[in-house]
Amino acid sequence: MYGKREEFTVFKNTVRKLEGTWGAELIDELKPGAEEPVIVKHTHDCFYQTEMDALLKQMELRPGEGRVIVTGISTRNCVQSAVMGFSVRDYHVYVPMDCTAHNDEKQVLQAFSLFTSFGYKHNVTMTRSDLIQLY
């Protein structure tokens, strides 16, 4: 899969978290339960050639109603792509700022600025993890 993608061949992007290597392993604290679904992605976009849309449908999360919390590392890449993907599909998106990370603070600020811009402020909410209530 990775060897054939233009991102890694034509554009010479670096493969960072290759499935099956230690860099892609989940730490014990984040391992999903037996009933929790896992989406395997092959690029920074969690919707591109994945089962994400099918999973949302299976979970009966509907655009305009469904609420999604996006966390993760690489705020300017993976997190940003997820936020944008859910936003353009009309889900309510919550981003706890204390649950994202990037190796460059400037990149984090750029992503956060995008999430609060005109195109996203209608359904993307920047927050903190201690302010989120699950019901």
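The values are calculated or read from the model by the stated rules, or taken from the named source; none is laboratory data. Keep in mind the model is a prediction, meaning the values are calculated, not measured. Cβ sites come from the backbone with ideal geometry, for glycine too, and all protein chains shown count toward neighbours. Surface accessibility is based on the protein's heavy atoms, side chains included, excluding ligands, DNA and RNA. Shrake-Rupley method; radii C 1.70, N 1.55, O 1.52, S 1.80 Å.
Laid out as a table, the results:
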item: Count of the range 31-61 residues which are in contact (Cβ under 8 Å) with a residue 12 or more places away in the chain, under 13 Å from the mean Cα position of the chain (by Cα) and exposed (fewer than 15 other Cβ atoms within 10 Å of the Cβ); result: 2
item: Residue pairs meeting the criteria (Cβ under 9 Å; at least 6 apart or on separate chains; first more than 22 Å from Leu131 (Cα to Cα), in the range 69-88; second open to solvent by 60 Å² or more (accessible area, probe 1.4 Å) and of a type in the set (Ser, Thr, Tyr)); result: Ser81/Tyr48; Gly85/Tyr48
item: Count of residues meeting criterion [among the hydroxyl-bearing types (Ser, Thr, Tyr) and open to solvent by 70 Å² or more (accessible area, probe 1.4 Å)] in the range 114-135; result: 2
item: Pair list, Cβ < 9 Å and 6+ apart or interchain, from the range 116-135 residues that are of a type in the set (Gly, Ala, Ser) to residues that are in a loop (DSSP other than H, G, I, E, B) and surrounded by 10 or more Cβ atoms within 10 Å (Cβ to Cβ); result: Ser129/Thr71
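Yes or no, residue by residue, for (1) at pLDDT 90 or above; (2) over 17 Å from Gly64 (Cβ atoms); (3) touching a strand residue (DSSP E or B) at 6+ places or on another chain (Cβ under 6 Å):
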residue: Ala82; (1), (2), (3): yes, yes, no
residue: His92; (1), (2), (3): yes, no, yes
residue: Asn103; (1), (2), (3): no, yes, no
residue: Tyr120; (1), (2), (3): no, no, no
